[in-house]
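In what follows, a structure is listed as structure tokens, so that the remarks can point back to it.
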Amino acid sequence: FQPKWLAGRKVVLTAGPTFEAIDPVRGITNSSSGKMGFALARACAHAGAQVVLVSGPVGLPTPFGVERIDVASALQMRDAVMGRLAGADVFIGVAAVADYRPEASAEHKIKKSGEAMTLTLVPNPDILAEVAALPEPPFCVGFAAESRQLDAYAEGKRRNKAVPMIVGNLVQDGLGQDDNLVVIYDDDGKHPLPRGGKMGLAQRIVEHLSGRLGRHPA
Ligand code: C5P
């Protein structure tokens with residue numbers, strides 16, 4: 001591992017789940033431990049980058065040398081990311097952002113009535129796609145956690161979100177675990193990484209990323 005791969009670069013990452021409030025004590029969330037995003041933030045800092053980590057609610061310590069911003073909802077995560085992108089060379093979206101949020105969050109705890117209840121959900125912004133669509137985007141890396149057809153879905157996401165690099169994994173291979181099986185998809189095709197711990201994988205991903213940066217019109 002070459003510690004200077006990202007020297008002089010600024011990297012902004014998202015990690016963890018988002019939490020979309022229904023009322024003061026309830027909400028909708030995704031299952032995400034934040035381990036992969038935190039491992040990547042750590043690997044980027046170790047590789048010499050200035051790192052800003054925008055994190056949803058997780059129970060993980062902040063990696064050494066990383067600036068951390070805690071958020072709850074997808075809207076807060078988007079604002080935190082957009083506010084920190086100035087001068088960024090790389091954006092890595094690792095967060096499991098909730099696709100929908102309640103249309104309105106109740107000010108007070110909703111009381112049960114015994115009746116059926118309907119919750120109206122509205123779509124959240126796609127943070128990764130928005131960053132990639134900026135006039136001068138940083139080099140964008142996305143993640144795709146799928147339960148089947150990884151190649152097709154991951155490559156589809158790469159095209160739909162217009163990002164140069166997607167890291168894909170099958171959820172049954174890694175969710176909440178310390179190690180994972182991932183495949184990198186980029187303009188040159190498909191690059192499976194050997195199964196490994198999330199920290200080792202994060203270093204391999206940083207290595208691959210730094211190789212792509214050289215060719216990216218910055
Ligand atoms: O479409 P899907 O949610 O599976 O795409 C996953 C990738 O997009 C991840 O990199 C995730 O962080 C990012 N994403 C995002 N904002 C969303 C949804 C996904 O940044 N609202």
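Is it the case, given these coordinates, that Ser32 is within 13 Å of the ligand (Cβ to nearest atom), hydroxyl-bearing (Ser, Thr, Tyr) and in contact with a Phe, Trp or Tyr (Cβ under 8 Å, 6 or more places away or on another chain)? Full working, then the answer.
On the way: within 13 Å of the ligand (Cβ to nearest atom): yes; hydroxyl-bearing (Ser, Thr, Tyr): yes; in contact with a Phe, Trp or Tyr (Cβ under 8 Å, 6 or more places away or on another chain): no.
Spelling it out, it is not the case that Ser32 is within 13 Å of the ligand (Cβ to nearest atom), hydroxyl-bearing (Ser, Thr, Tyr) and in contact with a Phe, Trp or Tyr (Cβ under 8 Å, 6 or more places away or on another chain).
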Original post:
Out of all the residues in the stretch 18-35, is one or more in contact with a Lys or Arg (Cβ under 8 Å, 6 or more places away or on another chain) and under 18 Å from Arg204 (Cα atoms)?
Top reply: yes
Original post:
In the stretch 3-16, how many residues are surrounded by fewer than 22 Cβ atoms within 10 Å (Cβ to Cβ) and in contact with a strand residue (DSSP E or B) (Cβ under 7 Å, 6 or more places away or on another chain)?
Top reply: 1
**OP:** May I ask you to say which residue of Val97, Val90, Val71 is within 16 Å of the ligand (Cβ to nearest atom) and in contact with a Ser or Thr (Cβ under 6 Å, 6 or more places away or on another chain)?
**Re:** Val97
Original post:
From the list Val131, Val163, which one is hydrophobic (A, V, I, L, M, F, W, C), in a loop (DSSP other than H, G, I, E, B) and within 13 Å of the ligand (Cβ to nearest atom)?
Top reply: Val163
Subject >> Within the stretch 101-120, considering residues that are of a type in the set (A, V, I, L, M, F, W, C) and free of Cβ contacts under 8 Å to residues at least 60 places away in the same chain, the one nearest to Val206 (Cα to Cα) >> reply: Ala104
Subject >> Pairs, first in contact (Cβ under 8 Å) with a residue 40 or more places away in the chain in the stretch 15-40, second among the basic types (Lys, Arg) and not in a strand (DSSP E or B), C-beta under 7 Å, six or more apart >> reply: Asp23/Lys109; Pro24/Lys109; Val25/Lys109; Lys35/Lys198; Met36/Lys198; Ala39/Lys198
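Quick one: is Asp99 touching a Lys or Arg at 6+ places or on another chain (Cβ under 8 Å) and either under 20 Å from Val11 (Cβ atoms) or of a type outside the set (Ser, Thr, Tyr) (or both)? Give the derivation first.
Values: touching a Lys or Arg at 6+ places or on another chain (Cβ under 8 Å): no; either under 20 Å from Val11 (Cβ atoms) or of a type outside the set (Ser, Thr, Tyr) (or both): yes.
In short, no.
Quick one: which of Gln203, Gln177, Gln172 is under 17 Å from the mean Cα position of the chain (by Cα) and at pLDDT below 90?
When all the criteria are applied, what remains is Gln177.
For the stretch 135-152, enumerate the residues that are more than 8 Å from the ligand (Cβ to nearest atom) and surrounded by fewer than 19 Cβ atoms within 10 Å (Cβ to Cβ).
Going residue by residue through the stretch 135-152, those that are more than 8 Å from the ligand (Cβ to nearest atom) are 135-140, 147-152.
Within the stretch 135-152, Pro135, Glu136, Pro137, Ser147, Arg148, Gln149, Asp151, Ala152 qualify.
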Original post:
Residues of the stretch 134-150 being over 15 Å from Met82 (Cα atoms) and assigned to a loop (DSSP other than H, G, I, E, B), which ones?
Top reply: Ser147, Arg148, Gln149
Original post:
With (1) surrounded by fewer than 18 Cβ atoms within 10 Å (Cβ to Cβ); (2) out of contact with any helix residue (DSSP H, G or I) (no Cβ under 7 Å at 6 or more places or on another chain); (3) under 23 Å from Ser73 (Cβ atoms) as the list, and Ala132 as the residue in question, which single condition is left unmet?
Top reply: (1)
Original post:
Within the bounds of the stretch 76-84, is there any residue that is assigned to a helix (DSSP H, G or I) and of a type in the set (Lys, Arg)?
Top reply: yes
Subject >> Test result for Phe38, aromatic (Phe, Trp, Tyr) and either surrounded by fewer than 16 Cβ atoms within 10 Å (Cβ to Cβ) or in contact with a Phe, Trp or Tyr (Cβ under 7 Å, 6 or more places away or on another chain) (or both) >> reply: no
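The values are calculated or read from the model by the stated rules, or taken from the named source; none is laboratory data. This one's a predicted model, so the numbers in the text were calculated from it and none came from an experiment. Backbone-built Cβ (ideal geometry, glycine too); neighbour counts: all protein chains shown.
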